[in-house]
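First the structure, in the form of structure tokens, and then the observations on it.
The values are calculated or read from the model by the stated rules, or taken from the named source; none is laboratory data. Note that this is a predicted model, so its numbers are computed, not measured. Cβ coordinates were reconstructed from backbone atoms using ideal geometry, including for glycine residues, and neighbour counts include every protein chain displayed. Heavy atoms of the whole protein, side chains included, go into the accessibility calculation; ligands, DNA and RNA do not. Shrake-Rupley method; radii C 1.70, N 1.55, O 1.52, S 1.80 Å.
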Amino acid sequence: MLNNKYRTHMCGTIGEKEVGQSVKIAGWVENIRDHGGVIFVDIRDMTGVIQTVSNDDSIFDGITRESSITLSGTIRKRDEDDYNDHIETGTIELLVDSLEVLGKSKNVLPFEVMTSMDVSEDVRLKYRYLDLRNPKVKNNIIFRSRVFDFLRKIMKEEGFLELQTPIITASSPEGARDFIVPSRKYHGKFYALPQAPQQFKQLLMCGGFDKYFQIAPCFRDEDARSDRLYGEFYQLDFEMAFAEEEDVLKLGEYVFRSVFNEFGKTKLDEAPFVRLSYKESMERFGTDKPDLRNPLEIIDLTDVFEETTFRPFRGVPVKGIVVEDIASKSNSWFNELGDFAKSIGMSAGVGYFKVNDDMSFVGPIDKFLTDDEREDLIKVGNLKPQSVIFFIADRKNAYKFAGQIRDELGRKLDLINKDEYKFCIVKDFPMYEWSEEEDKYIFTHNPFSMPQGGMKDLTTKNPEDILAYQFDFVCNGIEMSSGAVRNHDTEIMKKAFSIAGYEESEIEKRFKALYEAFKYGAPPHAGMAPGIDRMLMLLLDEDNIRETVAFPLNASGADQLMQAPGEVSELQLREAHIKIR
């Protein structure tokens, strides 16, 4: 509330309508300028910056930049030659008659606040309270708050009830490492921070709450990436009872379209999002997180080289990517792509040939091709003069490597419109995959998902052929949300987990609440959980997801500000029954 002892107005809200009025402002000293013996002091608060000046320059004696101060005076119009078009208050200034320093700052700052983005991340995070004064950093956090408010608004309008689930809970195998919390009261036992509210939201459905949502903090001990926070992240978690997959997909489209149309730099198309099966996504784009801004697609050339004499293509999957009108690129350009291929694990690099105007081929592997293979390639690849076809062959990772080459070609050829949002839904994920490390089948996604075909498919199909009602929302190559139709049947649940090597006694022990709840009339239910931090990253056009959070851990998972993780006292360890070894 304004009009107190410190201020009557916010700096950025004062304009020409206040000229002649007495006002009081409070904020931080952004800059001190001496113009020929006249001192100008710029004051910054949450709303903006205003220039101040005094007839008595001694009033500014001893103040330092980034000190917090309160000033009183009269608003006056600047001379037209002195207008500052870079700030909202550029046509007026405050003629100061009194000043009080509220919190004095050191003379030497760790970095210049207005250019803090140029400082190393660890230094910025160590002095985050200063970094947050930078308008760009501050505006990111204000933007985050606005998006949170908007999400709550649209979910409540859709009839969802906001509920909170526990932060201290039990450890659960959900695909990542838990953060575990030792118990003081129960010797040798541990709580865990939730990787997601998964089981609790399913229990809410069993408890008769039809539509639940929560802006939920989730905790996973996973290494950070540019698009993944270490430790703690937030998601819009929601679940619906008596719902099918299509119900969730339509609501997810509505949520993303509403948020991106409200806050994004461009509007989303009104048509439904592109929908791809997992299999189709892998075959066309080499990834289950395709960037549809990139027009290039992968083609399968394995049959073309079924009887080839070229040893690297013999008996292995061969994928191709055709790019038109780039045959004139320099050798160094192609060499750079070859170096990239080697950097991702393609030991022989990437093969290619160019198509001449007369449809003859030029390239490192052309001499190994037969005339029939050339004709088949022209037909399968729809090759045209001046196009280039790239080859990716690998026994295990052909799709993966082809997807990475596709992405790199998109970047090198500037095919991606960075001012565009392209959403898609990838669905029909495999329920299981074979783990060489564990020598057994493991769940590919959420273990609580309903298998397509239910008990019939679980008992008649090979595990790798069983699909799940699981889906991801993807935007510009970034996974934005995962969701699923949940398994609500104890018999199907037992069979699904048994394929992944879980005995019934272990299921009952590790998922006791769900296992028991499903015996008391559990409704069919489904839901998803958009990642809010990633949403903000795209909306703010930030390359680093940590720029969307007020107090993030650094890339190594350390808190530079609070010095965490840190040591605790021997007494604390004893109380928690822990000994460091």
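Quick notes
- Scope the range 358-401; condition in a loop (DSSP other than H, G, I, E, B), buried (at least 16 other Cβ atoms within 10 Å of the Cβ) and of a type in the set (A, V, I, L, M, F, W, C); matching residues: L369, L383
- Listed by first and then second residue, the pairs with beta-carbon distance under 6 Å, at least 6 apart or on different chains, first residue in the range 373-400 and under 22 Å from D291 (Cβ atoms), second part of a helix (DSSP H, G or I) and among the small types (G, A, S), are I392/A398; I392/A402.
- Subset of the range 331-357 that is under 20 Å from G381 (Cβ atoms) and open to solvent by 40 Å² or more (accessible area, probe 1.4 Å) - its residue that is farthest from the chain's Cα centre (by Cα): D357
- Residue in the range 107-119 that is free of Cβ contacts under 8 Å to residues at least 60 places away in the same chain, farther than 27 Å from L561 by Cα and either open to solvent by 50 Å² or more (accessible area, probe 1.4 Å) or not polar (S, T, N, Q) (or both) present: no
- The condition of being in contact with a Gly (Cβ under 7 Å, 6 or more places away or on another chain), within 25 Å of E283 (Cβ to Cβ) and either of a type in the set (S, T, Y) or assigned to a helix (DSSP H, G or I) (or both) holds for G338.
- Residue identified as open to solvent by 30 Å² or more (accessible area, probe 1.4 Å), assigned to a strand (DSSP E or B) and closer than 21 Å to R534 by Cα among F238, F213, F233, F150: F233
- When the range 311-327 is limited to residues that are outside any loop (DSSP other than H, G, I, E, B), open to solvent by less than 20 Å² (accessible area, probe 1.4 Å) and not charged (D, E, K, R), the one that is farthest from V388 (Cα to Cα) turns out to be F313.
- Filtering the range 175-198 to residues that are surrounded by fewer than 20 Cβ atoms within 10 Å (Cβ to Cβ) and either under 26 Å from A224 (Cα atoms) or within 24 Å of the chain's Cα centre (by Cα) (or both) leaves G175, A176, R177, F179, I180, V181, P182, F190, Y191, A192.
This table checks each residue for (1) open to solvent by 20 Å² or more (accessible area, probe 1.4 Å); (2) among the aliphatic types (A, V, I, L, M).
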| site | (1), (2) |
| --- | --- |
| I25 | no, yes |
| V49 | yes, yes |
| R65 | yes, no |
| T70 | no, no |
| E93 | no, no |
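- For T308, the criteria (1) open to solvent by 30 Å² or more (accessible area, probe 1.4 Å); (2) hydroxyl-bearing (S, T, Y); (3) over 30 Å from G527 (Cβ atoms); (4) assigned to a loop (DSSP other than H, G, I, E, B) hold in every case but one, which is (1).
- Test set (1) open to solvent by less than 20 Å² (accessible area, probe 1.4 Å); (2) aliphatic (A, V, I, L, M); (3) within 15 Å of the chain's Cα centre (by Cα) - I507 fails condition number: (3)
- Residue in the range 180-193 that is closer than 28 Å to F256 by Cβ, touching a residue at least 24 places away in the same chain (Cβ under 8 Å) and not hydrophobic (A, V, I, L, M, F, W, C) present: no
- Only residues that are over 16 Å from F471 (Cα atoms), surrounded by 15 or more Cβ atoms within 10 Å (Cβ to Cβ) and hydrophobic (A, V, I, L, M, F, W, C) were counted in the range 253-281, giving 4.
- Counted residues, the range 282-305 - those being part of a loop (DSSP other than H, G, I, E, B) and either in contact with a Leu (Cβ under 7 Å, 6 or more places away or on another chain) or open to solvent by less than 70 Å² (accessible area, probe 1.4 Å) (or both): 14
- Which listed residue is basic (K, R) and modelled with pLDDT of 95 or more, from R581, R510, R486: R486
- Within the option set S556, S569, being closer than 22 Å to G231 by Cα, modelled with pLDDT under 95, polar (S, T, N, Q) and out of contact with any Ser or Thr (no Cβ under 8 Å at 6 or more places or on another chain) holds for one residue only, S556.
- So D122, is it acidic (D, E), within 39 Å of the chain's Cα centre (by Cα), open to solvent by 20 Å² or more (accessible area, probe 1.4 Å) and within 19 Å of C11 (Cα to Cα): no
- Checked against (1) buried (at least 19 other Cβ atoms within 10 Å of the Cβ); (2) over 22 Å from K250 (Cβ atoms); (3) of a type in the set (S, T, Y), Y515 meets all criteria but (1).
- Listed by position, the strands (runs of 3 or more DSSP E) contained in the range 402-445 that have at least 3 residues being modelled with pLDDT under 95 are 432-435, 440-443.
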